[in-house]
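The structure appears below as C-alpha cells.
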Amino acid sequence: MKSMLVLLLFSTVVSANIGESKEELIKRYGDAKGSGDTLSFEKDGLRVVATLWKGKCSMIMFWLIGEGDAPPQRKFTSEETEAILSRNPAHSTYLPADPKFDKLRAKVRKSSDQKFIATTSPEMITIQSAEYNEARDDQPIK
C-alpha cells in the first residue's frame, strides 16, 4: 500500500518536465533556488534540478532527499524510475539499458524515438534531450 501511495505521488510530481518553460517548472514545483539556466526545487521528498536551454527544460535530474541534512532513507524503486521516465516527456517509452555502458553503476537508456537519453541509478535519475546532449561542450553520450 505504501509503495502504491509513493508511486502515485511520484506520478503526480514528475509529470512531463522536459520541454517545459521556466514558468511552467515554477508552477509545478514552487519557488526555485538558483538563477540563470539552472533551477533547483524541492518538493514532496524530491530534489529536482532543471537545466534550461533555448528557453525550455532540456535536462532534468531527480534525487530523493531526507529530512534536514539526513540522507534519504530509501532509493528509487524500479517502478518509480519507470514512472518518471514514462512522463519525461509525456507518454515516452525507453529502450533497455545500453550494454556499452555496463561498466558504469548507472544505466543509460534512450527513448524509443531516440530524442531523449536517461541515466538512471537507485540514487538519481537524469533525463536530457538528445539535441541538448549533442550541443553540450563536454563529451556527449552517444
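The values are calculated or read from the model by the stated rules, or taken from the named source; none is laboratory data. The structure presented is a predicted model; accordingly, all values stated were derived computationally and were not measured. Neighbour counts run over all protein chains shown; Cβ positions are idealised from the backbone, glycine included.
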Practice task
Give, as residue ranges, the helices (runs of 4 or more DSSP H) completely inside the range 1-104 that count at least 2 residues that are modelled with pLDDT of 90 or more and under 12 Å from the mean Cα position of the chain (by Cα).
Solution key: 78-86
Exercise for the section: Of the numbered conditions (1) modelled with pLDDT of 90 or more; (2) assigned to a helix (DSSP H, G or I); (3) surrounded by fewer than 14 Cβ atoms within 10 Å (Cβ to Cβ), Q114 fails exactly one; give the number of that condition. Expected result: (2)
Exercise for the section: Quick one: count up the residues across the range 73-93 that are without any contact (Cβ under 8 Å) to a residue 40 or more places away in the chain and either closer than 16 Å to R109 by Cα or surrounded by 14 or more Cβ atoms within 10 Å (Cβ to Cβ) (or both). Expected result: 6
Completion exercise
In the range 94-136, residues that are of a type in the set (S, T, N, Q), under 17 Å from W63 (Cα atoms) and either in contact (Cβ under 8 Å) with a residue 60 or more places away in the chain or touching a Pro at 6+ places or on another chain (Cβ under 7 Å) (or both) total 2
Problem - Any chance I26 is surrounded by 17 or more Cβ atoms within 10 Å (Cβ to Cβ) and either touching a residue at least 24 places away in the same chain (Cβ under 8 Å) or β-branched (V, I, T) (or both) - result: no
